[in-house]
Amino acid sequence: MVVKLFNTLSRSLEELKPLHDNEVRMYSCGPTVYDYAHIGNLRTFIVNDILRRTLEYTGYNVEHVMNITDIDDKMIMRANKESTTIGALSQKYENFLLADLKTLNILAPKKMPHATEHIGGMIAMTEKLLREGFAYIASDGVYFEVAKSKNYGALAHLDLNAETESRVEGALDKKNPRDFALWKFESPEDNGVAYEASFGRGRPGWHIECSEMSRDTLGETIDIHTGGVDLVFPHHTNEIAQSEAYSGKPFANMWVHAEFVMVDGQKMSKSLGNHTTLKTVTERGFSPLAFRYFVLGSHYRSKLNFTWEALEGAQTALGRLESHVGEIIGVANADYQKRFVEIVSNDLDTSRALALAWELVKDDSVSPADKTATLLHFDKVFGLGLAPKQTEIIPENIQALALARTEARASKNFSESDRLRDEINALGWDILDTNNGQEIRKK
Ligand code: AMP
Ligand code: ZN
């Protein structure tokens, strides 16, 4: 099956041609676990998941790796502010992230390497780049020399003669403002977060983290690298420069970037304070999968404007779609299936795929049982959890905690209701606030 994806590198639709027969090696830049993920971050992770599911649906075996950035400037700053360690900080927010991924039916990546587990490899990579003259030592760290790189900036279509942007940071004695840090020497603000290295004690730069984790888990050349559009420059641009200088081989054949979730015309981000978490979404009575439906409703390369009204629309639509999934499962309709696979394998056109699902449910020539079977097939890619839910026996202690939580919420004691939710979660159950009240599910 031919899968076409828009490759940021060529700015065109390209046919995927995996390097290893039927196996697709795919690396996704994961979160920096210094805070709760917002639904903008989660859109990008849903897009990664749709890509993976589409590839699996079309018969590929996907080696999907997503890293966890558990050491960088943001981690250190936040740990200092909260008087904690980066280890404790990352463990806390990684757990929240994993719960969000699960609630959104995002398939667990096959590997989730942590940057702190790969420091030795990052040091070795930096040593080789120094030895081979691609990097040099400046006053505050080791820098990659952009002028030594072939084709620097091709991914972002950078004009290297143009003024460098102010966000290019680092030492005053860098050779070129675009040179970027592979390694940052220890400073007092780092609060002891530092590792010994032959070129000086310190910690890795953010870009080298992904280069090393991708190389170690998937090899020197991979099929697909993904992330949000903000990563095209500088993160992915710098990953390519250092990885290709290191190995002398192409780093990734295809680059797939998800567009932003926007709020009132601005990118959703923590720094702008306009972000919403999945927790808020459920506390406002929405099902998390309504958010997934909302994401599927737009092409991943389009900006997605988030409003509560739009989410409400998605929730209603999802409820209607679910109502067409019956208990009797017939045979998936071959014609609809064929059209579905053509649509999703054409650059993951999920909005057209949803339109096809609606066409199917309105089609009187297909029996309800066959509609159910076809929708369940589509759901292998949608991941909307359309399969009829098994009725679960909820243990008494969980029911008692849930009841106490309803009472706490009724008396607006939200800290107590949050505490009870955490307790329920810790016992292996999820609790969701829906239009019909609380829903309790086994994790
Ligand atoms: P971070 O935890 O900040 O490293 O971000 C994790 C992922 O979310 C990256 O791939 C970002 O590109 C992506 N991202 C950040 N903000 C948004 C947004 N508003 N909409 C969609 N993706 C985003
Ligand atoms: Zn990355």
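So here's what we get for this one:
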{"item": "Cα gyration tensor of the stretch 293-368 - equivalent ellipsoid semi-axes, whole Å, descending", "result": "24, 18, 8"}
{"item": "Ratio of the Cα radius of gyration of the chain to 2.2 N^0.38 Å, where N counts its residues", "result": "1.05"}
{"item": "Whole-Å distance, taken between Cα centres, linking the stretch 270-348 and the stretch 374-423", "result": "19 Å"}
{"item": "Distance in nm between pseudo-label sites at A355 and A404 (7 Å out along the Cβ direction from Cα)", "result": "5.2 nm"}
{"item": "Angle between the chain longest axis and helix 119-131 axis [Cα atoms, degrees, rounded to 10]", "result": "40 degrees"}
{"item": "Label-point gap, in nm, between I137 and D173 - each point 7 angstrom along Cα→Cβ", "result": "1.1 nm"}
{"item": "Computed lengthening from K442 to E283, 0.36 nm per intervening residue step minus Cα-Cα distance", "result": "55.4 nm"}
{"item": "Relative contact order (percent, whole number), the chain, Cα cutoff 8 Å, 6+ residue spacing", "result": "17 percent"}
{"item": "For peptides 179-192, 326-339, sequence by mean Cβ density within 10 Å, most packed first", "result": "179-192, 326-339"}
{"item": "Inter-label distance for R339 and T84, nm, one decimal - labels placed 7 Å from Cα along Cα-to-Cβ", "result": "5.0 nm"}
{"item": "Per-selection Kirkwood Rh - the stretch 94-236 (Cα, Å, 1 d.p.)", "result": "16.9 Å"}
{"item": "Tilt relative to the chain, helix 308-323 - C-alpha long axis, 0 to 90 degrees, to 10", "result": "50 degrees"}
{"item": "Most fluctuating residue given options R25, R419, R215, as computed from a GNM of the chain linking Cα atoms under 10 Å", "result": "R419"}
{"item": "Over the stretch 231-312, volume per residue of the alpha carbon convex hull, in Å³", "result": "125 Å³"}
{"item": "The stretch 68-156: equivalent-ellipsoid semi-axes (sqrt of 5 x gyration tensor eigenvalues, Cα, Å)", "result": "31, 19, 13"}
{"item": "Potential extension, N425-R11 segment - 0.36 nm per residue separation minus Cα distance", "result": "144.7 nm"}
{"item": "Helix axis angle, 39-57 relative to the chain longest principal axis, alpha carbon, degrees", "result": "80 degrees"}
{"item": "For A138, distant residues with modelled amide H under 5 Å away", "result": "Y143"}
{"item": "Eligible aspartates and glutamates near K303 by straight Cα distance, threshold 20 Å, same-chain separation 8 or greater", "result": "D49, D230, E259, D264, E312, D347, D349"}
{"item": "FRET E, pair A194, E327, Förster distance 60 Å, beta-carbon r, rounded to 0.05", "result": "0.50"}
{"item": "Under-5 Å amide H pairs with G228, H placed in peptide plane, nonlocal only", "result": "A258"}
{"item": "The stretch 200-341: proportion of alpha-carbon pairs further apart than 26 angstrom, %", "result": "50 percent"}
{"item": "Residue among S271, S302, S12 with the largest mean-square fluctuation in a Gaussian network model of the chain, springs linking Cα atoms under 10 Å", "result": "S271"}
{"item": "Quarter of the Cα convex hull surface for the stretch 1-145, i.e. its orientation-mean projected area (nm²)", "result": "11.4 nm²"}
{"item": "Among the listed pairs K389/K442; K150/K174; K128/K148; K74/K184; K338/K389, those beyond 23 Å (Cα-Cα)", "result": "K338/K389"}
{"item": "DSSP-defined antiparallel bridges as percent of all bridges, the chain, nearest 5", "result": "55 percent"}
{"item": "Debye intensity ratio in log₁₀ form over the Cα atoms of the stretch 354-443, taken at each q of 0.23 Å⁻¹", "result": "-1.07"}
{"item": "Residue with peak Gaussian network fluctuation, the chain [Cα springs, cutoff 10 Å], from W429, W358, W206", "result": "W429"}
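A short reminder: the numbers here are calculations on the coordinates, not readings from a lab. Note that the coordinates shown come from a computational prediction; the quantities given were computed from them, not determined experimentally. Heads up, the Cβs are rebuilt from the backbone with ideal geometry, glycines too, and the neighbour counts pull from every protein chain shown.
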